[in-house]
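A short worksheet on the structure shown next.
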Amino acid sequence: MTNRIRPRPGARGAVRTTGRPSLPRWIYPALAAALAVGALIGALVGAATADPRTEQQKRIDAMQAADVQRDADQVVALTDQARRVRDLLGSTLDGLYTALPHGAAPGPLATAAQAEGWKAATRQGAGEFANPPSAGTAVNVARAGLAAGARQLDLAVDTYAAALKAGDDVRPALLDLASRQRDSAIASWSIGATQLDQLNVDTGHGHQHVFLPNQPGQGAMTADGEREGG
């Protein structure tokens with residue numbers, strides 16, 4: 001019987017019998033590099049799609065958004081309020097323009113009953129702006145101008161009522177003061193009305209004109225001529 005020579009382990013021509021082929025050594029670094037690149041890409045994609053803001057910044061943004069909505073709501077409410085007060089003060093201004101024409105000598109004196117009626121209207125109008133709600137600067141400026149105008153007109157009526165009770169030597173000075181207070185009220189209100197008009201435009205409601213009746217030379221701002229709501 002012929003003896004066969006078995007190849008030594010590791011010798012050329014030897015056959016492995018492990019059951020699965022082994023990978024070349026060079027492939028392991030390549031696999032590691034591929035995994036590293038994949039992890040890097042995943043991290044970059046995650047960073048790009050994640051919200052970069054901190055929790056504190058998110059809270060700040062939410063508060064700012066709430067303030068914007070609050071002011072937008074208050075613009076609507078303040079416009080309605082201004083219209084209501086303007087209509088309330090209309091008859092009082094008509095009476096004062098008759099009794100105290102702007103830039104002219106005083107007209108016939110009103111009666112005490114007429115002055116009391118004016119006072120009831122101006123007191124109510126000024127009271128409309130008591131205890132204002134919290135708002136942003138732009139809304140506060142509009143409200144402050146309207147409120148100052150209403151209070152100044154209320155003061156003008158007080159001065160006129162005092163003139164009715166005063167002697168002939170004092171009455172002319174008081175009537176002149178009441179006239180100037182009335183004009184100051186118109187000018188102050190017009191500042192608030194102009195600011196409110198701009199706020200309505202900024203918040204998408206278009207022009208809203210709530211100016212008090214005024215006359216040339218009173219120093220008041222007037223409506224810009226744009227159509228209402230335009």
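Each value in this text was obtained by applying a stated rule to the coordinates, not by laboratory testing. Every value quoted in this text rests on a predicted model; they were computed, and no experiment measured them. Cβ sites come from the backbone with ideal geometry, for glycine too, and all protein chains shown count toward neighbours.
Worth a mention:
- Theoretical FRET efficiency, 1/(1+(r/R0)^6), r = Cβ-Cβ of Arg59 and Arg83, R0 35 Å, to 0.05: 0.40
- Length gained when the stretch Asp169-His102 is fully extended (0.36 nm per residue, less Cα-Cα span): 22.0 nm
- Length-normalised contact order for the range 84-131 - Cα pairs under 8 Å, 6+ apart - percent: 44 percent
- The modelled label-to-label distance between Glu116 and Ala144, using points 7 Å beyond Cα along the C-beta direction, is 3.8 nm.
- Protection proxy ranking of 209-222, 97-110, 150-163, by the mean of other Cβ atoms within 10 Å over each peptide's residues and highest first, is 150-163, 209-222, 97-110.
- Full extension of the chain segment joining Asp224 with Val76 gains 51.3 nm, where the gain is 0.36 nm per residue of separation less the Cα-Cα distance.
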